[in-house]
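Novice: Below is one structure. I have some questions about it.
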Amino acid sequence: MQIRRFDGKVAVVTGGSIGIGRAIVLRLAGEGAKVAFIDILEDAAQKVLGEIEAAGSEGYFEKVDIKDTEKVCRFAKNVEAKFGKIDVLVNSVGGETQGPKPFVSLTETEIDNTIAVNLKGHVMITQAIVPGMTKQKYGKIVTISSVIGHTGMADVAIYCACKAGIFGLSKTWARELAKYNINVNVVCPGPTLTEGLQQLKKANPEVYEAIRAGVPMGRMAEPEDIASGVAYLASDDASFITGQTLDINGGFVMP
């Protein structure tokens, strides 16, 4: 029997067209949620909408760049108008915007863009959605960080800083919002077989294998592994968990 922990719930996912975001969208929809999501990849999003419908749920998509605060806030209002509420927010969008590059050679524009995608965007959409959650005295917020938020990594300094910043940001939100029955947590993936890692496997199999060999459980994560953790924290099964980080990495890093 399929678990349906999100019947009657409305979820918002940022970056829901591919990879981990797509897996999260489909997991929540498969458990009964109506899911609204944003992305800049419109063709991929249309396929996801079809998959949501095939799962027996209802989806809603807008092409929105997370750096465009005005459109992000308008999207939040549109979701509330369409579905009447938002119960779950998953901040999944992210990515290294300027490619691997030594810290000292970064331009101010490159720094600003990376922060806008990986940290500021989370703040702005959360700020837009939280008032509705506080009014209904219910909400679940889950933000995706990264194992390198714990460890750091050469040549991706600002990305690492953003991923580490998610920890402090989410703990603060958890303290501020607990009185409204809003849970705030973080999921921290390790190496995951998204499109980027698939490309690395083809382009540089030796590097790929070295990463895989560093995972005690002997494999990379699938996007669905990450979605499982998100679904748990977004559900009422985790009603007394807030301000925490769930590391899903097969033992790759044990903070």
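The values are calculated or read from the model by the stated rules, or taken from the named source; none is laboratory data. What you see is a predicted model; the values in this text were computed from it and never measured. So basically every Cβ, Gly included, is an ideal-geometry build from the backbone, and we count neighbours across all protein chains shown.
Novice: Considering (1) closer than 22 Å to Val117 by Cβ; (2) among the aromatic types (Phe, Trp, Tyr); (3) not in a helix (DSSP H, G or I), say which one Phe240 fails and leave the rest.
Specialist: (1)
Novice: Please state which one of Gly84, Gly132, Gly59 is under 18 Å from Ala33 (Cα atoms), touching a Leu at 6+ places or on another chain (Cβ under 9 Å) and not polar (S, T, N, Q).
Specialist: Gly59
Novice: If the requirement is being on the phi > 0 side of the Ramachandran plot and modelled with pLDDT under 95, which of these qualifies: Gly196, Gly218?
Specialist: Going through Gly196, Gly218 in turn, just one is on the phi > 0 side of the Ramachandran plot and modelled with pLDDT under 95: Gly218.
Novice: Show the residue pairs meeting these rules: Cβ distance below 6 Å; 6+ apart or different chains; first residue within region 1-12 and loosely packed, with under 11 Cβ neighbours inside 10 Å; second residue in a loop (DSSP other than H, G, I, E, B) and at pLDDT 95 or above.
Specialist: That search, which allows pairs on different chains as well, returns Asp7/Gly32.
Novice: How about region 221-247: which of its residues are crowded, with 16+ Cβ neighbours inside 10 Å, more than 10 Å from Arg27 (Cβ to Cβ) and in contact with a Ser or Thr (Cβ under 8 Å, 6 or more places away or on another chain)?
Specialist: Scanning region 221-247 gives Ala221, Asp225, Gly243, Thr245.
Novice: For Met153, all conditions in the list (1) surrounded by 15 or more Cβ atoms within 10 Å (Cβ to Cβ); (2) more than 20 Å from Asn118 (Cβ to Cβ); (3) more than 16 Å from the chain's Cα centre (by Cα) hold save one; what is the number of the exception?
Specialist: For Met153, the exception is condition (2).
Novice: Could you check how many residues of region 95-123 are touching a Leu at 6+ places or on another chain (Cβ under 8 Å) and either under 20 Å from Phe75 (Cβ atoms) or acidic (Asp, Glu) (or both)?
Specialist: Adding up the residues that qualify gives 3.
Novice: Could you check, for region 81-88, whether at least one of its residues is in contact with a strand residue (DSSP E or B) (Cβ under 8 Å, 6 or more places away or on another chain), surrounded by 23 or more Cβ atoms within 10 Å (Cβ to Cβ) and among the aromatic types (Phe, Trp, Tyr)?
Specialist: No, region 81-88 contains no residue that is in contact with a strand residue (DSSP E or B) (Cβ under 8 Å, 6 or more places away or on another chain), surrounded by 23 or more Cβ atoms within 10 Å (Cβ to Cβ) and among the aromatic types (Phe, Trp, Tyr).
Novice: In addition: Scan (1) touching a Lys or Arg at 6+ places or on another chain (Cβ under 7 Å); (2) closer than 30 Å to Phe6 by Cβ for the single condition Tyr138 breaks and write down its number.
Specialist: (1)
Novice: In region 57-75, what count of residues is obtained for those that are among the small types (Gly, Ala, Ser) and either under 16 Å from Thr14 (Cα atoms) or surrounded by fewer than 16 Cβ atoms within 10 Å (Cβ to Cβ) (or both)?
Specialist: Number of matching residues: 1.
Novice: I would also like to ask the following. Tell me, which helices (runs of 4 or more DSSP H) lie completely within region 95-212 with 2 or more residues that are of a type in the set (Gly, Ala, Ser) and touching a strand residue (DSSP E or B) at 6+ places or on another chain (Cβ under 9 Å)?
Specialist: Once the helices (runs of 4 or more DSSP H) in region 95-212 are filtered for at least 2 residues that are of a type in the set (Gly, Ala, Ser) and touching a strand residue (DSSP E or B) at 6+ places or on another chain (Cβ under 9 Å), what remains is 121-136, 157-177.
Novice: May I pose another question? Of all residues in region 12-45, how many are under 17 Å from Val79 (Cα atoms) and not in a loop (DSSP other than H, G, I, E, B)?
Specialist: Qualifying residue count, region 12-45: 13.
Novice: Out of all the residues in region 32-56, which are closer than 18 Å to Arg5 by Cα and crowded, with 21+ Cβ neighbours inside 10 Å?
Specialist: Ala33, Lys34, Val35, Ala36, Ile52
Novice: Scan Gly251, Gly190, Gly243 and give me the residue that is touching a Pro at 6+ places or on another chain (Cβ under 9 Å) and touching a residue at least 12 places away in the same chain (Cβ under 8 Å).
Specialist: Gly251
Novice: With the requirement that a residue be closer than 30 Å to Lys171 by Cβ, part of a helix (DSSP H, G or I) and not β-branched (Val, Ile, Thr), what does region 213-237 give you?
Specialist: Across region 213-237, the qualifying residues are Pro223, Glu224, Asp225, Ala227, Ser228, Gly229, Ala231, Tyr232, Leu233, Ala234, Asp236, Asp237.
Novice: Run Ala76 past the list (1) assigned to a helix (DSSP H, G or I); (2) without any contact (Cβ under 8 Å) to a residue 60 or more places away in the chain and report the number of the one that doesn't hold.
Specialist: (2)
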